[in-house]
Amino acid sequence: MSTQSRHFILGYGSLISSESRAKTGETGQVWPVKLHGFERHWALISECYGMSSVAVVKAPEKSCNGVLIEVPYEQLPLFDEREKGYHRGEVRSDQLAKYQDTPLPEGTYWVYYTDKVVSPNANNPIVLSYLDVILSGCLEHGETFAQDFLDLTQGWHQTTLNDRQSPRYPRVQPDLDIAPLNALLTNTVTLTNKELDIHYEP
């Protein structure tokens with residue numbers, strides 16, 4: 001591995017959001033892609049915040065969508081710290097399929113993955129303060145990309161909590177417009193429309 005080559009992280013959760021990425025470190029251009037050979041699940045990675053996260057596991061016939069993010073080599077430790085609990089591994093260029101006509105860059109590609117899925121539980125549910133950040137990031141790349149996130153993620157039957165009035169996610173973005181996010185979630189999560197309609201406190 002050359003420290004001189006360009007380095008890219010495949011962000012498939014909150015790293016899809018440009019605002020969320022900026023809270024961790026310096027990043028460059030992004031390319032929306034599909035990653036083949038991995039499947040995304042809701043999973044319990046850490047009990048620190050009382051919530052579950054999305055994680056990918058190796059799965060030869062599966063895929064998930066995300067964004068390829070250019071990261072300076074010296075910034076990688078900052079993202080390793082953010083993604084504590086995951087492994088960082090290399091992926092091959094032939095595992096990536098682009099959404100747009102723009103050619104994908106050459107370099108070293110990384111993804112944070114887990115070896116096995118531990119399902120969310122009542123104490124560590126799927127929470128909207130985290131999901132809102134992901135979906136807002138997805139919408140930066142269009143509704144089709146956002147819908148692909150929903151379709152290519154396993155575990156939506158797990159317990160979901162609207163925590164917008166008391167967010168559990170440490171990088172919450174309380175100023176988001178939740179109307180388009182709720183529209184995406186209506187037929188996906190276990191919450192009712194009334195439960196979804198709880199807003200962030202001003």
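Coordinate-derived values only; no laboratory data. All values derive from a computational prediction rather than experimental measurement. All Cβ positions, glycine included, derive from the backbone under ideal geometry; neighbour counts span all protein chains shown.
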Can you give me the long-range amide H partners of Lys62? Hydrogens built in the peptide plane at 1.01 Å from N, cutoff under 5 Å, separation of 5 or more residues or another chain. Gly37, Phe38
Please compute the contact order of region 118-191 in relative form: average sequence separation of alpha-carbon pairs under 8 Å and at least six residues apart, divided by the residue count, as a percent. 45
Relative contact order (percent) for the chain, with alpha-carbon contacts under 8 angstrom and 6 or more residues of separation? 26
The local net charge around Ala43, scoring Lys/Arg +1 and Asp/Glu -1 for residues other than Ala43 whose Cβ lies under 15 Å from its Cβ, equals +1
May I ask what percent, to the nearest 5, of DSSP beta bridges between residues of the chain are antiparallel? 75
So the number of lysine pairs in the chain with alpha-carbon atoms under 16 angstrom apart, 8 or more residues apart or on different chains, is 8
To the nearest 20 debye, what is the magnitude of the charge dipole of the chain about its Cα centre, counting +1 on the Cβ of each Lys and Arg and -1 on the Cβ of each Asp and Glu? 420
Express in whole angstrom the spacing between the alpha-carbon centres of region 142-202 and region 1-78. 20
Counting only other residues whose beta carbon sits under 11 Å from that of Pro167, what net charge do I get with K and R as +1, D and E as -1? 0
Give the long-range amide H neighbours of Leu191: residues separated by 5 or more places, or on another chain, with amide H under 5 Å away, using H modelled in the peptide plane at 1.01 Å from N. none
What net charge is computed for the residues neighbouring Gly85, neighbours being all others with C-beta under 15 Å from the C-beta of Gly85, Lys and Arg scored +1, Asp and Glu -1? -1
Amide H neighbours of Val127 at under 5 Å, excluding residues fewer than 5 places away on the same chain, with H built from the backbone geometry, are Ser52, Leu161
Per-residue [θ]222 nm for the chain (sum of -39500 (n - 2.57) over DSSP H runs n ≥ 4, rounded to 500): -5500 deg cm²/dmol
